[in-house]
1. If you check every pair at least six apart or on different chains, which have Cβ atoms under 6 Å apart with a residue in the stretch 189-200 that is at pLDDT 75 or above first and a residue that is in a helix (DSSP H, G or I) second?
2. Within the stretch 58-75, restricting attention to residues that are in contact with a strand residue (DSSP E or B) (Cβ under 8 Å, 6 or more places away or on another chain) and near the ligand (Cβ under 9 Å from one of its atoms), which residue is farthest from residue 200 (Cα to Cα)?
3. Output the residues belonging to the stretch 127-152 that are touching a residue at least 24 places away in the same chain (Cβ under 8 Å), over 16 Å from the mean Cα position of the chain (by Cα) and away from the ligand (no atom under 16 Å from the Cβ).
4. Does residue 131 meet the test of being modelled with pLDDT under 95 and either in contact with a helix residue (DSSP H, G or I) (Cβ under 8 Å, 6 or more places away or on another chain) or surrounded by fewer than 16 Cβ atoms within 10 Å (Cβ to Cβ) (or both)?
5. Looking for something in contact with a helix residue (DSSP H, G or I) (Cβ under 8 Å, 6 or more places away or on another chain), assigned to a helix (DSSP H, G or I) and crowded, with 22+ Cβ neighbours inside 10 Å - is there at least one such residue anywhere in the stretch 168-182?
6. Which one of the conditions (1) at pLDDT below 95; (2) part of a helix (DSSP H, G or I); (3) within 14 Å of the ligand (Cβ to nearest atom) does residue 122 fail to meet, given that it meets all the rest?
7. One residue is enough: does the stretch 8-24 have a residue meeting the conditions on the phi > 0 side of the Ramachandran plot and surrounded by 15 or more Cβ atoms within 10 Å (Cβ to Cβ)?
8. Can you go through 66, 76, 100, 62 and tell me which one is buried (at least 18 other Cβ atoms within 10 Å of the Cβ) and touching a helix residue (DSSP H, G or I) at 6+ places or on another chain (Cβ under 7 Å)?
Ligand SMILES: NC(=O)c1ccc[n+]([C@@H]2O[C@H](COP(=O)([O-])OP(=O)(O)OC[C@H]3O[C@@H](n4cnc5c(N)ncnc54)[C@H](O)[C@@H]3O)[C@@H](O)[C@H]2O)c1
């Protein structure tokens, strides 16, 4: 009997961004061949195909020979560019990535979506979640061009799944934390993070190495997945050392909560779907790096 081929040729768009090198490390570490793609070429240790994915010809050339696409190339937050530029870059690059995949016969695209698509993160008119913990069934209620771009990218993914039956996997990431951020994050939590930063993120985060693990699991999953959305979230919350239920009760007293899922350090954004279907296991937590003694002393003196 022939051996099942597990190593894949994986095209990673946006590879020269902040998260790209962690994806490269995780995927090559597992034996996959990575084809790096970005409109801004940086030296990241592999040859990068320079392509602006808003241009269909460049998208087709860049994705040639790939078996799986991991699409991270995007304007990754609201305030980096004018609103309309953020929307049109993200939506048109994503549409071209799916259309080029159709033409090239690529059967699985993994899309970097965002929990910002739920709408809280950049909302000008603040609003509470409909329920907590928030899971993938929560409606996408964005008011801003970044949230809207991610919601539309997910719609594009769903449409190509309907058209071709291809795997279109949307990974909704929260605040992606690089290892070197831990010191600052802990200090922010210790001294009380600004209200806005905390509730807008629903105290959610994911270590970038765990985020890369989720991508690898989506690349390697042996069965067809169809169209799926997954929250990719650490098991614990951040930005405050308080128990999550206390935070929720003080910020969102009216929101219906499933208290049994929100004990202690639990996360307010449910990650059980990706654990169950892809076998995701977050391995890093900011609490490993937290100097709790320093925090206790600072509280006692305040
Ligand atoms: N960093 C986070 O906290 C976070 C959270 C949720 C989701 N995400 C998503 O993850 C992805 C990567 O995030 P990041 O933090 O590495 O972003 P980043 O801004 O550091 O990198 C994005 C990369 O995409 C490239 N790019 C943008 N538009 C492109 C285009 N039209 N054609 C080709 N390349 C293009 C840029 O040149 C850049 O190198 C994005 O899709 C972002 O929306 C990030």
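1. Here the result reads 199/251, each pair linking the stretch 189-200 to a residue that is in a helix (DSSP H, G or I).
2. Within the stretch 58-75, the subset in contact with a strand residue (DSSP E or B) (Cβ under 8 Å, 6 or more places away or on another chain) is 61-63, 65-74.
Checking which are near the ligand (Cβ under 9 Å from one of its atoms) leaves us with 62, 71-74.
Working: 62: 36, 71: 25, 72: 22, 73: 24, 74: 21 Å.
Filtering the stretch 58-75 for residues that are in contact with a strand residue (DSSP E or B) (Cβ under 8 Å, 6 or more places away or on another chain) and near the ligand (Cβ under 9 Å from one of its atoms), the one farthest from residue 200 (Cα to Cα) comes out as 62.
3. 128, 129, 130, 131, 132, 133, 143
4. Details: modelled with pLDDT under 95: no; either in contact with a helix residue (DSSP H, G or I) (Cβ under 8 Å, 6 or more places away or on another chain) or surrounded by fewer than 16 Cβ atoms within 10 Å (Cβ to Cβ) (or both): yes.
Spelling it out, it is not the case that residue 131 is modelled with pLDDT under 95 and either in contact with a helix residue (DSSP H, G or I) (Cβ under 8 Å, 6 or more places away or on another chain) or surrounded by fewer than 16 Cβ atoms within 10 Å (Cβ to Cβ) (or both).
5. Of all residues in the stretch 168-182, those in contact with a helix residue (DSSP H, G or I) (Cβ under 8 Å, 6 or more places away or on another chain) come to 168-174, 176-179, 182.
From the residues that got through so far, the ones that are assigned to a helix (DSSP H, G or I) too are 179, 182.
Now drop any that are not crowded, with 22+ Cβ neighbours inside 10 Å, which leaves none.
No: the stretch 168-182 contains no residue that is in contact with a helix residue (DSSP H, G or I) (Cβ under 8 Å, 6 or more places away or on another chain), assigned to a helix (DSSP H, G or I) and crowded, with 22+ Cβ neighbours inside 10 Å.
6. (2)
7. Of all residues in the stretch 8-24, those on the phi > 0 side of the Ramachandran plot come to 14.
Add one more test, that the residue is surrounded by 15 or more Cβ atoms within 10 Å (Cβ to Cβ), and what stays is 14.
There is at least one residue in the stretch 8-24 that is on the phi > 0 side of the Ramachandran plot and surrounded by 15 or more Cβ atoms within 10 Å (Cβ to Cβ).
8. Values: 66 fails: touching a helix residue (DSSP H, G or I) at 6+ places or on another chain (Cβ under 7 Å); 76 fails: touching a helix residue (DSSP H, G or I) at 6+ places or on another chain (Cβ under 7 Å); 62 fails: touching a helix residue (DSSP H, G or I) at 6+ places or on another chain (Cβ under 7 Å).
Only one candidate qualifies: 100.
The values are calculated or read from the model by the stated rules, or taken from the named source; none is laboratory data. Please read all numbers here as calculations on a predicted model, not as lab measurements. A quick note on method: Cβ atoms are made from the backbone with ideal geometry, for glycine too, and the neighbour counts reach across all protein chains shown.
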